[in-house]
Amino acid sequence: MKTLIIDDSKAMRTYLTAVAQEMSFDVTEACDGRIALDLLIRNDPREPFALALVDWEMPRMNGLEFVQAVRRNRDFSGVKLLMVTTLNSTERVAEALEAGADDFLMKPVTKEMLQEKLQILGMVD
């Protein structure tokens, strides 16, 4: 399953990539929302991305802006968006969900936490 991991922290991208690959996801990394959006746009529609793990605080285009841009484009309606961030106030969670995120995961992330969220989203058994 094609997955985008979007985070400005190389260490976090490396960790999330390793965890996702252990669960048999085919991972592409991006260091900000603008690059990730470009990857979605240029991607072969016959092999769409199914999931994006999205950090909130990033330069150029933050995670919330990325979620909003993805949800405005009907071509990406099938992409599940999971916010993965340290911003955990109820206002931020509500803002992300209202923008179109499918769920929210607080950092620091463990493999078990990610797997549980992906089960809730129907992405893994």
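Derivation of every value follows stated rules applied to the coordinates shown; laboratory data play no part. On a predicted model such as this, the values are computed, not experimentally measured, just so you know. Here Cβ is always computed from backbone atoms with ideal geometry, including for glycine, and neighbour counts include all displayed protein chains.
So for the stretch 1-112, averaging the separation of alpha carbon pairs under 8 Å that are six or more residues apart and normalising by length, what relative contact order in percent results? Before the final figure, lay out each step's value.
On the way: 186 pairs, mean separation 27.2, N = 112.
For the stretch 1-112, the relative contact order is 24 percent.
Whose amide H sits under 5 Å from the amide H of LYS80, counting only residues 5 or more places off or on another chain, with H placed in the peptide plane?
Amide H neighbours of LYS80, under 5 Å, 5+ apart: LEU51, ALA52.
Mind checking which of GLY78, GLY33, GLY100 has the largest fluctuation in a GNM of the chain, springs on alpha carbons under 10 Å?
Result: GLY78 has the largest fluctuation of those listed.
Give me PHE66, PHE104 sorted ascending by neighbouring Cβ count inside 10 Å, so fewest comes first.
On the way: PHE66 29, PHE104 20.
The fewest-first ordering by Cβ neighbours comes to PHE104, PHE66.
Using packing as a proxy for protection, rank 90-98, 24-32 so that the peptide with the highest average count of other Cβ atoms within 10 Å comes first.
24-32, 90-98
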